[in-house]
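Asker: One structure, as structure tokens, below. Some questions next.
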Amino acid sequence: MKNAMFIKKSFQLVIVTILVVCIIGCSNKRKELAKKTTIEFFTAIKNDDKLKIIDLYPELKDINSYYKSDECFIKEIKVLFDKKISVTVDNSFTNTFGKKSNQTITLFLKPDENNNDLFKIYDSKGLTAYKEDDIYIYAVKTGCIDKNVVLTDQEVEEKLGKARYMLFYYTFAIGMELQLNVTVTSWDLELGYGNSANGKGIVKNNSSFDIPKLKYKITYFDRNNNEVTSDGGYVTYDILKAGGSKSFTFYTSYVGNAYRAKIGLDFDIDMITKYIVEKDYNGNEFEKFQEQEKERKEKEEK
């Protein structure tokens with residue numbers, strides 16, 4: 001009886017040992033495959049091989065900026081759930097000015113859907129360089145991204161998509177308000193010697209926004225109402241305050257056979273975007289925007 005129990009326990013121990021060995025063997029194989037992909041990926045970055053970079057990390061195509069690499073050293077390889085692996089590296093890069101930077105970057109990898117012996121990168125952490133990006137700055141200032149929460153690069157990109165939509169929404173709304181409420185209230189034109197033209201005008205800002213570096217555009221037409229040429233410049237290099245007005249002058253060196261002209265204001269999209277990004281915020285603007293969007297959609301569905 002005792003011998004039978006001993007044999008049974010011994011058999012169970014052998015089975016468990018075999019399973020452990022198999023698991024360790026599979027894990028080690030996955031680690032080696034993930035390590036191979038990691039080395040290939042940073043080699044591709046070093047060589048600026050964009051096709052290879054996207055082949056190994058397909059989702060990176062949606063990200064505008066990532067750190068370059070001169071060399072990297074693997075610090076840690078960890079087995080995750082569902083056959084996934086994380087690889088953490090020390091990456092270094094020296095720019096054209098001789099400044100060296102170091103980053104700790106983690107890649108998250110999983111087997112390719114069509115080939116289990118090939119690992120692809122599906123996410124990363126610390127690979128992207130967002131700090132100087134206007135959208136990232138705007139997302140942080142408005143509360144779309146919480147700097148105290150550590151996010152993967154794909155999670156950051158998802159939130160940046162939401163911030164872009166909010167920025168586009170307000171850029172369009174402000175652009176419409178400026179078009180309606182900031183106008184050239186009076187102006188005159190003199191066609192001068194040598195087919196030149198000059199004039200002066202007054203701009204009134206009836207909007208609720210302080211406008212930096214406001215531009216004008218003037219278009220010249222002949223007697224048959226055909227456009228001859230156009231010109232432009234700044235109404236002011238300073239800020240035109242909400243409710244304020246500003247006089248300006250303009251000069252175009254050659255207008256050909258122009259007979260008349262039309263003048264308007266050029267509300268540059270980049271200017272509006274920069275204005276929105278650089279505003280002061282209290283950090284709950286994104287939450288309020290989400291609530292407004294929800295209410296708007298509910299009204300549309302009724």
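Asker: Yes or no: LYS246 among the charged types (D, E, K, R), at negative phi, in a strand (DSSP E or B) and in contact with a Leu (Cβ under 9 Å, 6 or more places away or on another chain)?
Answerer: Numbers: among the charged types (D, E, K, R): yes; at negative phi: yes; in a strand (DSSP E or B): yes; in contact with a Leu (Cβ under 9 Å, 6 or more places away or on another chain): yes.
Yes, satisfied.
Asker: Could I ask something else about it? List the residue pairs whose Cβ atoms are under 6 Å apart, where the first residue sits in segment 245-256 and is free of Cβ contacts under 8 Å to residues at least 40 places away in the same chain, the second is part of a loop (DSSP other than H, G, I, E, B) and polar (S, T, N, Q), and the two are 6 or more positions apart or on different chains.
Answerer: none
Asker: Only one of (1) under 22 Å from the mean Cα position of the chain (by Cα); (2) at pLDDT 90 or above; (3) not in a loop (DSSP other than H, G, I, E, B) fails for LYS61. Which number is that?
Answerer: (2)
Asker: Something else about it: Given the condition modelled with pLDDT under 95 and part of a loop (DSSP other than H, G, I, E, B), answer yes or no: does some residue in segment 198-206 qualify?
Answerer: Among the residues of segment 198-206, not one is modelled with pLDDT under 95 and part of a loop (DSSP other than H, G, I, E, B), which makes the answer no.
Asker: Of everything in segment 110-139, what is free of Cβ contacts under 8 Å to residues at least 60 places away in the same chain, closer than 25 Å to ILE272 by Cα and in a loop (DSSP other than H, G, I, E, B)? Give them in sequence order.
Answerer: Selection gives LYS131, GLU132.
Asker: Which one of the conditions (1) surrounded by 13 or more Cβ atoms within 10 Å (Cβ to Cβ); (2) in contact with a strand residue (DSSP E or B) (Cβ under 7 Å, 6 or more places away or on another chain); (3) at pLDDT 95 or above; (4) under 19 Å from TYR122 (Cβ atoms) does ASP90 fail to meet, given that it meets all the rest?
Answerer: Here ASP90 clears every test but (4).
Asker: Separate question: Hey, any hits in segment 128-151 for a residue that's within 30 Å of ASP266 (Cβ to Cβ), among the acidic types (Asp, Glu) and touching a helix residue (DSSP H, G or I) at 6+ places or on another chain (Cβ under 6 Å)?
Answerer: Checked against the condition, which is being within 30 Å of ASP266 (Cβ to Cβ), among the acidic types (Asp, Glu) and touching a helix residue (DSSP H, G or I) at 6+ places or on another chain (Cβ under 6 Å), segment 128-151 yields at least one hit.
Asker: What pairs can you find where one residue is in segment 289-302 and among the aromatic types (Phe, Trp, Tyr), the other is modelled with pLDDT of 90 or more, and their Cβ atoms are less than 8 Å apart, with a gap of 6+ or different chains?
Answerer: Final answer for the pair search is PHE289/THR142; PHE289/MET166; PHE289/TYR169.
Asker: Kindly establish whether THR142 is β-branched (Val, Ile, Thr), surrounded by 14 or more Cβ atoms within 10 Å (Cβ to Cβ), touching a residue at least 40 places away in the same chain (Cβ under 8 Å) and more than 30 Å from GLY233 (Cα to Cα).
Answerer: Numbers: β-branched (Val, Ile, Thr): yes; surrounded by 14 or more Cβ atoms within 10 Å (Cβ to Cβ): yes; touching a residue at least 40 places away in the same chain (Cβ under 8 Å): yes; more than 30 Å from GLY233 (Cα to Cα): yes.
Against the criterion (β-branched (Val, Ile, Thr), surrounded by 14 or more Cβ atoms within 10 Å (Cβ to Cβ), touching a residue at least 40 places away in the same chain (Cβ under 8 Å) and more than 30 Å from GLY233 (Cα to Cα)), THR142 qualifies.
The values are calculated or read from the model by the stated rules, or taken from the named source; none is laboratory data. Keep in mind it's a predicted model, so treat the numbers as computed, not measured. Every residue, glycine among them, receives a Cβ derived from its backbone with ideal geometry; neighbour counts consider all protein chains shown.
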